[in-house]
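Chemist: Please find one structure pasted underneath; my questions will follow.
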Amino acid sequence: MMSDFEHKQGLSPTDSSDMDNQFERFELLSAYMDGELTAQERKQVQVWLDSDPEFHQLYKQLLRIQRETTALSVPKSSVSVDVLSQGVFDTIDRQDRSKRGLIASGLGVAAVIIGSIAHVSLQDGLFPRYAERNGDQEALTIALNRPVVEIPPTLR
């Protein structure tokens, strides 16, 4: 399917070199109007303007667009740049504070959940207990001057 531009220019979908050529001509014309061409490029565009009526018509359309856009007035802003930038930074600060609060809340909830799981699992015996009390409440006696395991004399 061909675009309007291709149809008007008589290009088929396989004429990519012609489309590149049209694009290059348009770019040169735009640069010509902005005064950005070398002397040789200006001469080439002038030749196209003199010899190609469609190219000359495109030049007139671009001139009209250029005149109309420069004549447009820019509306004055009711907000100064300083007030606007301060408002932007205030919004960013509010978003950062809310993110920090959300993270802190999430960490608090996670700590409560982990603490609850640990408390319940220790009470219900999910983790093994290595020392349990007997019913007769015997005290554990450790002899500090006589070790339970013999320590070799080289380490003393």
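Chemist: Give, in nm to one decimal, the length gained when the segment between V149 and A39 is fully stretched (0.36 nm per residue of separation minus the Cα-Cα distance). Please list the in-between numbers first.
Modeler: Values: separation 110, 0.36 × 110 = 39.60 nm, distance 10.12 nm.
Net length gain for the segment: 29.5 nm.
Chemist: R0 = 35 Å: FRET efficiency of D52 with Q86, Cβ-based, nearest 0.05?
Modeler: 0.05
Bear in mind that the values in this text are calculations on the coordinates, not laboratory data. Quick caveat, the model's predicted, so the values are computed rather than measured. Every residue, glycine among them, receives a Cβ derived from its backbone with ideal geometry; neighbour counts consider all protein chains shown.
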